[in-house]
Amino acid sequence: MDSSILIATILDWHSEIDRNLPWKYNSSPYKIWISEIILQQTQVVQGLRYYERFVDRYPTVHDLASSTESDLLKVWEGLGYNSRARYLHQSAKRIVDEFGGKFPVEYSDILSLKGVGDYTASAISAFAYEQPHVAVDSNVERWVSRYYGIASYKSSQSLKTEVKSILLPVVEKHESPAECNQAFIDFGALVCTAKQPKCIDCPLSQTCYGYAQSKTADYPLVKPKVPRKKRYFHYLVAVDNGHVVINKRLNKDIWQGMHEFPLYESDSLQDLTHQDLCRYFDINESTSIESIISYQQILTHRIIIGKFYLCKLKRGTVKIGQWMSVDQVKKIAVAGIVRLYLADNMFIFNDINKIENGK
Ligand code: SF4
């Protein structure tokens, strides 16, 4: 099928469907930017909650630029990939300083913002400014690669380039690049879905290569998965009468800028011995460990195994972090694995004796 007829067919289909996500047809470049950054590594349902909370807290780029990083990380807490939040913050400051508080209009200026790649810059250009760009996300590359039988790897640059070369000439001639882009994305999300595409009802089924060859599951090609690396985090949970010792993660690593208990990272699942704990955390040998509890968090490329060694210490005796009250801890952004522990064990700060050993 000629690509202009193909796209006309998709636009025709799209004119019939429901449009109910808050960022659809949103013409605010600021809000599109926020939504696209949130959705970079996040499922739509979870992303929607954070998007609403985020734009409610920071309705304008000025509000975002004038916030503090710790405030921002607290709003972002639980979403992961915190570098996205830091890039939003840095870029908001740049927009205020260099662009007079107005979101840039030129594609190259948008692309120059930290954390913004071709997809996000194209989405903002098309949706906010009706500029002729194609935002190739996983939905778009999936249906185009199946329809044409393009044997390139999922998310690869070569696939994105090929998809653009097919769609862009038609978008350039269309009066609404925004309408075209939304239709392309929705078509992949609702019809040519990752699992069980709705080929029977698909308006392109008569001419689709993947469907004709019964190879819809083969496109786009998928690279073999690299196994996730395991990391072992051993945390000393030192408490005293409603207070606990906390540190901030400063290194360029996961959860940078977030808070946690004093940490020792090892390369094995084995519990630290009492001797190890005294050595790594500089605690007295007479200190007894009340409990050791393990949690696991699966991230995209890592599995974090957290071991939490609870002990009671006198405030002032620990020099490896800052004592904070429970109320202070509730206000700071904490690392994901620590949040899992706190969700079950907040009560220990006031009543250490309640804890059961070996959960
Ligand atoms: S026929 Fe099936 S594989 Fe082809 S574009 Fe339609 S939904 Fe996708």
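The residue that is least open to solvent (accessible area, probe 1.4 Å), counting only those in region 187-210 that are more than 8 Å from the ligand (Cβ to nearest atom) and in a loop (DSSP other than H, G, I, E, B), is Ala194. Each residue in region 151-166 was checked for being within 16 Å of the ligand (Cβ to nearest atom) and crowded, with 20+ Cβ neighbours inside 10 Å, and 2 pass. Quick one: which residue in Ile246, Ile283 is surrounded by 13 or more Cβ atoms within 10 Å (Cβ to Cβ) and at pLDDT 90 or above? None of the other options fit; the residue is Ile246. Of the helices (runs of 4 or more DSSP H) entirely within region 58-165, those holding at least 3 residues that are among the polar types (S, T, N, Q) and more than 30 Å from Lys198 (Cβ to Cβ) occupy 83-98.
Among the residues of region 211-230, how many are open to solvent by 100 Å² or more (accessible area, probe 1.4 Å) and part of a loop (DSSP other than H, G, I, E, B)?
Result for region 211-230: 8.
On the given criteria, is Gln182 touching a residue at least 12 places away in the same chain (Cβ under 8 Å), within 13 Å of the ligand (Cβ to nearest atom) and either of a type in the set (S, T, N, Q) or not assigned by TED's automatic domain parsing to the domain that holds Leu11 (or both)?
No; evaluated as a whole, the condition is false for this residue.
Candidates are the residues of region 265-278 that are in contact with a strand residue (DSSP E or B) (Cβ under 8 Å, 6 or more places away or on another chain) and open to solvent by 70 Å² or more (accessible area, probe 1.4 Å); the one that is nearest to Ile320 (Cα to Cα) is Glu265. Among the residues making up region 300-311, those that are modelled with pLDDT of 90 or more and not β-branched (Val, Ile, Thr) are Arg302, Gly306, Lys307, Phe308, Tyr309, Leu310, Cys311. Scanning region 97-130 for residues that are surrounded by fewer than 18 Cβ atoms within 10 Å (Cβ to Cβ) and of a type in the set (S, T, N, Q) yields a count of 2.
Would you please name the residue that is farthest from Gly80 (Cα to Cα), looking only at residues in region 298-316 that are of a type in the set (D, E, K, R) and open to solvent by 30 Å² or more (accessible area, probe 1.4 Å)? So that I can check it myself, show each step before the final result.
Quick first cut of region 298-316, residues of a type in the set (D, E, K, R) only: 302, 307, 312, 314-315.
Applying the additional criterion that residues be open to solvent by 30 Å² or more (accessible area, probe 1.4 Å) yields 302, 312, 314-315.
Working: Arg302: 12, Lys312: 31, Lys314: 34, Arg315: 32 Å.
Once the filter is applied, the top-ranked residue is Lys314.
Among the conditions (1) polar (S, T, N, Q); (2) in a helix (DSSP H, G or I); (3) farther than 23 Å from Val338 by Cβ, the only one that Gln46 does not satisfy is (3). For region 79-96, name all the residues that are open to solvent by 70 Å² or more (accessible area, probe 1.4 Å), of a type outside the set (Lys, Arg) and touching a helix residue (DSSP H, G or I) at 6+ places or on another chain (Cβ under 8 Å). Within region 79-96, Tyr87 is the sole residue that qualifies.
Once region 211-225 is narrowed to residues that are in contact (Cβ under 8 Å) with a residue 60 or more places away in the chain and closer than 19 Å to Ser156 by Cα, the residue that is farthest from the ligand (Cβ to nearest atom) is Lys223. The test for being touching a residue at least 24 places away in the same chain (Cβ under 8 Å) and closer than 30 Å to Asp71 by Cβ does not hold for Leu277.
The values are calculated or read from the model by the stated rules, or taken from the named source; none is laboratory data. Every value quoted in this text rests on a predicted model; they were computed, and no experiment measured them. Here the Cβ is made from the backbone with ideal geometry for all residues, glycine too, and neighbour counts use every protein chain on show. For accessibility, only protein heavy atoms count, side chains too; no ligands or nucleic acids. Shrake-Rupley method; radii C 1.70, N 1.55, O 1.52, S 1.80 Å.
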